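The values are calculated or read from the model by the stated rules, or taken from the named source; none is laboratory data. The model shown is predicted, which means the values in this text are computed figures rather than measured ones. Cβ placement follows ideal geometry from the backbone for every residue including glycine, while neighbour counts extend to all protein chains displayed.
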Amino acid sequence: MKPSAPSKKSKSEQTPKRSPREPGPLLIYGLPLLVGFIFFGVVSVMLGKDNNWDLRNYHYYNPYAFFHGRLGFDYAPAQLQSFLNPGQDFMFYFLITHFKPVAAGFLMGGIHGLGFGLIFAIAYSLLSAKAFKVRLGSSLLCAAAGVYGPVFVCELGASENDTLISLFVLAAILMLVRNLTLHDTLSSPKGRVALIVAGGLLGFAVGLKLTVTIYAIGTAFALLFAAKNWPDRLISVGIWGLAFLVGFAITAGRWMATLWSAYGNPLFPFYNHIFQSPYFEAVELVDKRYMPQTLFQALTYPFNFFTRTRFTYLSYDFRDSRYAVTYVVAILFLLSLLARRIFASKPDKRDKKRNEKSSPKRLPLSRSEKFLLIFFLVSYIVWQVQFSIIRYTAPLEALAPMVILILALHIFPKSKAQSVSAGAVLTLGLAALLIVPTVKPVYHERLPWSSTFFEVSTPRLDDPAHTIVIIARDRPWGYLIPSFQPEVRFVSVRSNLTAPDRPTRLQSDVRALLQSHRGPIYLLSRREFVREDAETLKAYQLSLKSLEGRSIKSKHEKDGLGLWPVTHIEG
């Protein structure tokens, strides 16, 4: 007698009913967000006030310049970073200009701490088939290990935006993973809504910080493999892509239009080998110092973060074993799949017919698990090929413990439908024991809290409306500019964007401005740099009037800052 075909599972069978003892969704998802906000807000205060290089260079200057219309008035005082989208720094700028510093630190750290709740929610959604206690404990472990990483700890409460913008990436992943877990498809009306929201969030993030494109590419690939057939795949990617463009336009549209109008390159000065703006060389600005140079280095790259320090930008000492552990567990997962296929291809004669029907033809992964693993793998590959800068791995750092858990659950057979195997628990436990003790955060300079965020005192200038201040080296002095009278103009003559011999229109405009200016001119420098900077000034037919400068007081760097009067060289 021919056995009847197995009936399709109903929706209620596919999604286990919530246990009567299990808290409601509002509590189970909301409480980790609240705990993360409060706990990491407090930790941020304990760490101290942010004083990193990028804050002093452009994280404070850029939004100040945007709101005070200084584009085209100043000449790149924050170097090429003067032209990054200032929107990514609006949050930090608003907090430190409207709240007391310690309150701003708490709020910024609390916002970063929302990542704890998002990681928990993603893991809790993925583990929907597990018993509540297992699901809860595993999700909390993933969240704790996810936020205890060198990038998160380094940037907690600080102005660097990798952790902040990763919140949009994690929220987008949560939308898609939760929908795939509940409905096993993105083709339903709710699935389309999830695609739109996720696309908008990722577009919003990429518009603020272009390096997040890594995760947009990872999501697009993951969507292609998560759908059931090619029509669904193309429709899903199409809907997500349109929403992505809308989100991107919201955060990047105005700034790109401004740069296009002013410099003929909407991403100025980046990708100028494509846009050919006369204001900069036609080169591709890519930092390749930290990329693997050989195939062997590429394949073993994750182990460098565990065995070597000072390996990748920020270049300061740091250590993290999560990527090495993920690598090893992934290899074990692939070996387990191979072993299962080998054993399945050699069945006993009496079980041959049954095993042929039940032997695995596809990876033993749910759609949501497959989506997350592909997203992680593709994003990591793009990151390694394009950047290899550790700060840009913030979302991967958060999701790595979860990836380890998913792989471990499929390496070892489950003992019960609603539980996990001892092997999976052991693997996750060993992974946590390897990751947590070995984490060494990236170095980040902090200061004690004070009554004002920037403790700076600058001299009052007699004729600010006709005064130019020159910066003649690549130092992070943009944070000083808001302390001067707003009429004072700042011009950078040597940095990663400008130099006396650079054949660009921007350089020509700087030279013409300085040669035609007849008001007061000062050199902003530090005492040990003055003589060297004076040599740079000669290329612009300028020289120092005196070696006696007007002092600038700043608690954000060592003493010696000042203004030195400059005059034109006659003839």
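To keep it simple, each residue is scored yes or no on (1) assigned by TED's automatic domain parsing to the domain that holds residue 159; (2) of a type in the set (Lys, Arg); (3) over 30 Å from residue 390 (Cα atoms); (4) under 19 Å from the mean Cα position of the chain (by Cα).
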| position | (1), (2), (3), (4) |
| --- | --- |
| 196 | yes, no, no, no |
| 199 | yes, no, no, yes |
| 208 | yes, no, no, yes |
| 227 | yes, no, yes, no |
| 243 | yes, no, no, no |
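Residue-wise test of (1) free of Cβ contacts under 8 Å to residues at least 12 places away in the same chain; (2) buried (at least 24 other Cβ atoms within 10 Å of the Cβ).
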| residue | (1), (2) |
| --- | --- |
| 196 | no, no |
| 223 | no, yes |
| 229 | yes, no |
| 251 | no, no |
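Among the residues making up region 371-385, those that are closer than 12 Å to residue 217 by Cβ and not polar (S, T, N, Q) are 374, 375, 377, 378, 380, 381, 382, 383, 385. The residue of region 78-124 that is farthest from the chain's Cα centre (by Cα), among those that are crowded, with 20+ Cβ neighbours inside 10 Å, of a type in the set (Val, Ile, Thr) and farther than 30 Å from residue 471 by Cβ, is 122.
Taken together, 171, 243 contain a single residue that is out of contact with any Gly (no Cβ under 9 Å at 6 or more places or on another chain) and either assigned to a helix (DSSP H, G or I) or without any contact (Cβ under 8 Å) to a residue 40 or more places away in the chain (or both), which is 171.
Just one of the listed residues (92, 83) is at pLDDT 95 or above, under 21 Å from residue 557 (Cβ atoms) and touching a strand residue (DSSP E or B) at 6+ places or on another chain (Cβ under 9 Å), and it is 92.
Results for (1) at pLDDT 80 or above; (2) in a helix (DSSP H, G or I); (3) not β-branched (Val, Ile, Thr), shown as yes or no for each residue.
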residue	(1), (2), (3)
291	yes, no, yes
297	yes, yes, yes
301	yes, yes, yes
313	no, no, yes
324	yes, yes, yes
334	yes, yes, yes
339	yes, yes, yes
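Per the conditions (1) touching a helix residue (DSSP H, G or I) at 6+ places or on another chain (Cβ under 7 Å); (2) closer than 30 Å to residue 501 by Cα; (3) in a loop (DSSP other than H, G, I, E, B), the sole criterion not satisfied by residue 259 is (3). When we screen 185, 163 for residues that are in contact (Cβ under 8 Å) with a residue 40 or more places away in the chain, touching a Gly at 6+ places or on another chain (Cβ under 8 Å), polar (S, T, N, Q) and within 15 Å of residue 111 (Cα to Cα), the only hit is 163. Considering region 57-80, and only residues there that are in contact with a strand residue (DSSP E or B) (Cβ under 9 Å, 6 or more places away or on another chain) and not aliphatic (A, V, I, L, M), the residue that is farthest from residue 498 (Cα to Cα) turns out to be 59. Can you pull out the residues in region 556-569 that are surrounded by 14 or more Cβ atoms within 10 Å (Cβ to Cβ) and in a loop (DSSP other than H, G, I, E, B)? Selection gives 556, 557, 560.
Residue 536 meets all of the listed conditions (1) surrounded by 14 or more Cβ atoms within 10 Å (Cβ to Cβ); (2) part of a loop (DSSP other than H, G, I, E, B) but one, namely (2). Pairs meeting the criteria (first residue in region 508-535 and in the same structural domain as residue 472 (by TED's automatic domain parsing), second residue of a type in the set (Lys, Arg) and surrounded by 16 or more Cβ atoms within 10 Å (Cβ to Cβ), beta carbons under 7 Å, at least 6 apart or on different chains) are 529/473; 533/473. Counting only helices (runs of 4 or more DSSP H) wholly contained in region 45-159, the ones carrying 1 or more residues that are under 21 Å from residue 173 (Cβ atoms) and touching a Leu at 6+ places or on another chain (Cβ under 6 Å) occupy 101-126, 132-147. One residue stands out in region 492-529 among those that are farther than 18 Å from residue 71 by Cα and touching a strand residue (DSSP E or B) at 6+ places or on another chain (Cβ under 6 Å): the one that is surrounded by the fewest Cβ atoms within 10 Å (Cβ to Cβ), namely 517.
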